[in-house]
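Peer 1: The structure under discussion is supplied below as structure tokens; questions concerning it will follow.
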Amino acid sequence: MAKHCHHVAEVLKRLREFQLFLKAEKCSFHQPSVQFLGYNISSSGIQMEGKVDAIKSWPTPSTVKELQRFLGFANFYRLFIQSYSSIVHPLTDLLRNKPKSLSWSAAADGAFNTLKEAFTSAPLLIHPDPEKPFVVEVDALAAAGETSSAPSM
């Protein structure tokens with residue numbers, strides 16, 4: 001806690017040095033965990049925020065729009081689901097060629113239920129241990145804000 005307090009004081013000092021200010025009512029310090037952009041971040045690691053119940057009770061999509069909504073919601077948390085793209089493949093296949101109606105299949109039903117189950121048992125993503133080797137993968141185009149592979153002038 002003493003080290004944490006020191007770090008907070010350092011950050012606040014730096015902000016003051018550069019004449020940057022915080023709104024006190026929007027700040028909270030010394031919290032064991034925080035909710036940030038749909039994630040619960042703590043010293044243990046990163047977890048999905050409490051939206052798992054919404055996934056568990058999600059009804060089987062009956063329209064293209066309903067499937068798109070489900071996939072959009074699920075895609076946000078894809079890094080928690082091992083083999084996400086393989087699981088979701090039968091569902092994304094239903095959206096090929098921009099269909100007007102949904103042709104739900106047994107494969108789609110299986111994928112939908114497997115994905116819902118995967119969300120209810122999603123792992124905790126732990127913070128890297130600086131004492132152990134790890135690999136950081138970066139999508140350079142996404143990191144640079146590029147949207148195409150064309151060279152910029």
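Bear in mind that the values in this text are calculations on the coordinates, not laboratory data. Everything numeric in this text was worked out from a predicted model, so none of it was measured. Backbone-built Cβ (ideal geometry, glycine too); neighbour counts: all protein chains shown.
Peer 1: Counting other C-beta atoms within 10 Å, which of Val135, Val88, Val8 has the fewest, and how do the rest follow?
Peer 2: In order of increasing Cβ crowding within 10 Å: Val135, Val8, Val88.
Peer 1: Please compute the Kirkwood hydrodynamic radius of the stretch 24-94 from all pairs of different C-alpha atoms, in Å with one decimal.
Peer 2: Here the Kirkwood hydrodynamic radius works out to 14.4 Å.
Peer 1: Another one. Simple spin-label model, 7 Å along Cα-to-Cβ: Lys132 to Ser43 in nm?
Peer 2: Using points 7 Å along Cα→Cβ, the separation is 1.9 nm.
Peer 1: Using modelled backbone amide H atoms (1.01 Å from N, in-plane), which distant-in-sequence or interchain residues come within less than 5 Å of Trp58's amide H?
Peer 2: Placed amide hydrogens put nothing under 5 Å from Trp58.
Peer 1: Taking the beta-carbon count within 10 Å as an exposure proxy, list Thr92, Thr63 from fewest neighbours to most.
Peer 2: Listing Thr92, Thr63 from fewest to most nearby Cβ atoms yields Thr63, Thr92.
Peer 1: Starting with the fewest neighbours, write out Leu115, Leu79, Leu20 ranked by other beta-carbon atoms found within 10 Å of each beta-carbon.
Peer 2: Leu20, Leu79, Leu115
Peer 1: Still on this model: Label-point separation (nm) for Ser28 and Arg69, each offset 7 Å from Cα along Cα-to-Cβ?
Peer 2: Once both label points are built, they end up 2.9 nm from each other.
Peer 1: Follow-up question, since we're still on this one. By how many nm would the segment from Val11 to Asn113 lengthen if fully extended, with 0.36 nm per residue of separation less the alpha-carbon distance?
Peer 2: 32.2 nm
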